[in-house]
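Below is one structure, written out as structure tokens; comments come after it.
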Amino acid sequence: MEISLLKALLSNISSFLNLSSFEKINSEPVQKYYQRAEEILKLLKPILNAIIDSEVTSDEVLIKAFEGLGLSIEELREQCDSWQPLLSKVYFVLQVESLISKIRNPSLEIVQFLKCSHLHLPDELSSASLEHCLQKIKHVGYEQTSSVIREAIRDQVDSVGPSSEILAKIAENLSLGSNQEILIEAVALEKLKENAEQAEKTAEAEFVDQIIGLVTRMHERLVLIKHSQTCSPVPIPADFCCPLSLELMTDPVIVASGQTYERAFIKKWIGLGLIVCPKTRQTLARTNLIPNYTVKALIANWCESNNVKLPDPMKSMSPLLLHAESGLSRDSSSVPRSRSSQPISPESQSTSQTDKNLVTSSGLNREGTSPLHPRSTSKGSLPAIDGNGEYLDVARISLSSAEEGSNLEQRDFPQGPIGDANESLEASTHLRANSDVNGEVKSDSQPVASSAIPQREAEFSPRFMDPRSRSQRIWRRQSERFIPRIISSPGIENKADLSGTETQVKKLVEDLKSTSVDTQREATAQLRLLAKHNMDNRIIIANCGAISMLVNLLRSPDAKTQENAVTALLNLSINDNNKTAIANANAIEPLIHVLETGTPEAKENSAATLFSLSVIEDNKVKIGRSGAIGPLVNLLGNGTPRGKKDASTALFNLSIFHENKARIVQAGAVRHLVELMDPAAGMVDKAVAVLANLATIPEGRTSIGQEQGIPVLVEVVELGSARGKENAAAALLQLCTNSNRFCSLVLQEGAVPPLVALSQSGTPRAREKAQTLLSVFRNQRHGNSGRG
């Protein structure tokens with residue numbers, strides 16, 4: 001029996017070593033791991049051959065080692081043999097390194113046991129030869145990328161975040177050096193997560209989600225590097241960059257998902273058999289490419305105006321895309337099958353530019369255009385169409401930053417953005433689409449939400465037209481919502497689809513009235529998903545009378561029903577008419593109830609819904625007077641990281657209404673905002689924007705001084721983002737022009753050098769604030785008295 005076990009082990013080793021003739025073994029990351037295992041097994045095989053007839057093979061220690069080793073070799077052979085270029089490299093490495101350890105350790109045990117054995121061994125297995133073999137196995141390359149990956153995940157879970165050096169090491173070890181390779185990795189991981197969720201393997205799905213977060217950070221790092229290396233004399237508008245190449249597009253085309261890409265890149269992507277949109281992760285119903293002449297013309301105008309030469313797209317193409325088939329289709333069984341069949345989890349086996357960059361119809365940048373009050377459409381502006389099939393009022397395009405894009409991530413699609421830019425918007429930036437306050441694009445037919453505001457407030461930290469913002473945001477959620485959408489006349493099929501949806505919604509609304517908790521929970525979950533999918537669904541759900549029923553369920557004693565109801569309302573509120581309908585259904589007080597009693601996710605979504613409703617001016621008043629500010633401030637101080645971001649977004653919008661500022665200060669928000677100005681919190685721009693608004697009232701200025709806000713404001717002026725510097729300067733100006741004491745404190749913090757720098761190189765508004773502040777300092781030194 002022991003001899004047959006050893007023979008089976010030798011057969012497994014031979015089968016594994018025969019893989020060296022397969023072409024796929026010579027590709028990365030397979031090659032280096034195969035070579036490590038091959039080196040160990042080539043050392044071990046002669047020893048096993050020598051003892052095949054020896055009585056030593058009956059020893060229980062060896063029998064156990066033979067069994068484990070045989071299983072691990074067979075498993076590793078299957079992993080290497082099934083490798084495909086579009087599988088997840090991260091998962092492959094986590095699995096394979098674990099298996100190589102399971103091969104290396106028993107191999108060492110076998111050789112060590114034979115070396116120390118007192119039984120008779122064949123002459124060729126001398127103690128010296130076994131020691132030599134032992135040392136060689138020990139010195140086989142044993143770099144553990146998987147331990148680096150797990151350490152990075154732990155840092156991420158602990159909100160520390162892996163360092164740039166760690167991310168660089170992982171990217172180098174896994175050959176994830178280009179944006180295209182990282183996108184392919186993300187698609188593969190999302191497929192793995194989908195498989196885990198379908199199999200109801202919650203732990204594995206969560207593990208994959210953590211890996212997706214890590215790959216997201218790798219992408220963000222790559223984007224930062226890419227834009228730091230750009231040779232363009234001016235920042236390239238993000239709309240003009242291909243999401244695959246991150247380069248200026250020379251031949252933009254639209255795919256079936258409505259997104260625009262560089263033709264050469266998306267053609268090669270599809271040629272690999274990847275029939276999903278890289279940006280939205282939608283399956284592409286068609287693979288035809290439609291030229292986007294409007295974007296092409298805008299790019300040409302911009303290049304001419306800025307003396308920028310179009311790049312050669314092939315120079316930045318990754319080898320994987322470069323060698324893809326040139327055709328637009330491939331046998332669908334090759335790639336999707338291999339991606340979806342990859343094992344799930346290793347655990348399951350082993351245990352600024354800023355305002356000046358607003359793009360005009362002529363392609364020139366308009367200096368001094370305020371994101372708070374975008375210019376009205378000029379007669380000469382071009383009603384263009386972007387890659388999402390939306391009208392672009394090109395005279396007033398402004399882009400939110402990556403930080404804002406991730407402020408309130410889409411709540412029901414953890415694996416990535418799904419749907420077009422008008423159809424997957426469970427996010428605060430999406431909800432701001434019609435808010436002039438936040439610099440989003442507005443349709444001519446839409447009223448200006450902030451037109452009644454007599455005095456300009458501090459903008460909410462968007463860093464408009466930061467060249468890296470749009471490309472980073474493809475890893476979060478799409479925050480662009482250009483309106484109105486271009487919708488072709490619905491055909492019979494579309495009408496039938498809408499009719500079917502309406503029938504489904506009516507049934508779900510009836511289920512909301514049920515006395516069964518399970519029925520209500522299921523109905524709210526279904527409405528939550530339907531409200532996420534597209535604008536038509538949101539209109540149908542509202543027309544069927546669901547809003548008032550969902551509002552009632554905000555007080556449901558069942559936590560999941562409450563969570564589903566508030567998230568459904570958040571999704572519905574993307575539609576402007578629904579914003580009014582939700583407020584008219586007396587939703588504000590029940591939303592406050594959720595803020596006080598709900599699950600962490602329910603609290604986050606309640607804050608996001610309140611923000612959405614506050615886009616309408618009357619609702620800012622209602623929300624402020626209904627007692628929402630206290631719970632929002634509590635969430636700001638004690639919520640989850642996303643909850644804090646949701647709360648800060650809502651508080652910012654509420655602080656635009658003057659009456660709410662005192663309420664926000666009295667609720668203790670300033671202390672939390674000062675704490676969140678620690679860069680480690682990732683909320684500096686958001687916190688300083690709210691503080692800039694609160695600094696316009698005496699109570700706000702007093703609280704900022706008492707909570708040690710002055711040193712951190714000065715630090716932001718010196719080290720913050722362009723928009724952060726601008727708002728910090730605005731806050732400091734309010735402090736200094738109203739108090740000599742505060743002015744002295746600002747000077748003591750060494751504010752003059754960074755303010756001098758800002759007065760020369762900041763945004764137009766930042767330069768103005770910095771220059772005014774420096775004048776205040778000069779006047780104080782000359783004996784002018786200020787107000788105490």
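The smallest convex shape that holds all Cα atoms of segment 633-760, its convex hull, gives 90 Å³ per residue.
Near the amide H of Ala751, within less than 5 Å, lie no amide hydrogens of residues on another chain or at least 5 residues away, with H placed in the peptide plane. For segment 83-174, chymotrypsin sites (Phe, Trp or Tyr not before Pro) meeting the loop criterion (DSSP other than H, G, I, E, B) and having at most 14 other Cβ atoms within 10 Å: Tyr142. Size descriptors for segment 616-668 (Cα atoms only): Rg and Dmax, in that order, 10.3, 29 Å. Accessible surface ranking for Arg286, Arg663, 1.4 angstrom probe, highest first: Arg286, Arg663. Sorting Ile290, Ile225 by solvent-accessible area of protein heavy atoms yields Ile290, Ile225, largest first, with a 1.4 Å probe. Across segment 136-272, Cα pairs under 8 Å and at least six residues apart give a relative contact order of 17 percent.
For segment 182-268, GluC sites (Glu not before Pro) meeting the loop criterion (DSSP other than H, G, I, E, B) and having at most 15 other Cβ atoms within 10 Å: Glu200. Based on alpha-carbon atoms, the Kirkwood radius and the radius of gyration of segment 130-177 give Rg/Rh equal to 1.22.
For segment 207-311, the relative contact order works out to 26 percent when only alpha carbon pairs closer than 8 Å and six or more residues apart are counted. Taking every alpha-carbon pair under 8 Å whose residues sit at least 6 apart, segment 651-715 reaches a relative contact order of 36 percent. What the Cα atoms of segment 684-744 give is an Rg and a Dmax of 10.2, 28 Å.
For Glu596, the shell of other residues with beta-carbons less than 12 Å away shows a net charge of +1, using +1 for Lys and Arg and -1 for Asp and Glu. Summarising the amide proton neighbourhood of Val276: residues at separation of 5 or more, or on other chains, whose placed amide H is nearer than 5 Å comprise Leu284.
Our compactness index for segment 23-168, the C-alpha radius of gyration over the empirical 2.2 N^0.38 Å, is 1.24.
The values are calculated or read from the model by the stated rules, or taken from the named source; none is laboratory data. Predicted, not measured: the structure shown is a model, and the values here were computed from it. A quick note on method: Cβ atoms are made from the backbone with ideal geometry, for glycine too, and the neighbour counts reach across all protein chains shown. Quick note on the areas: whole protein, heavy atoms, side chains included, nothing else; ligands and nucleic acids left out. Shrake-Rupley method; radii C 1.70, N 1.55, O 1.52, S 1.80 Å.
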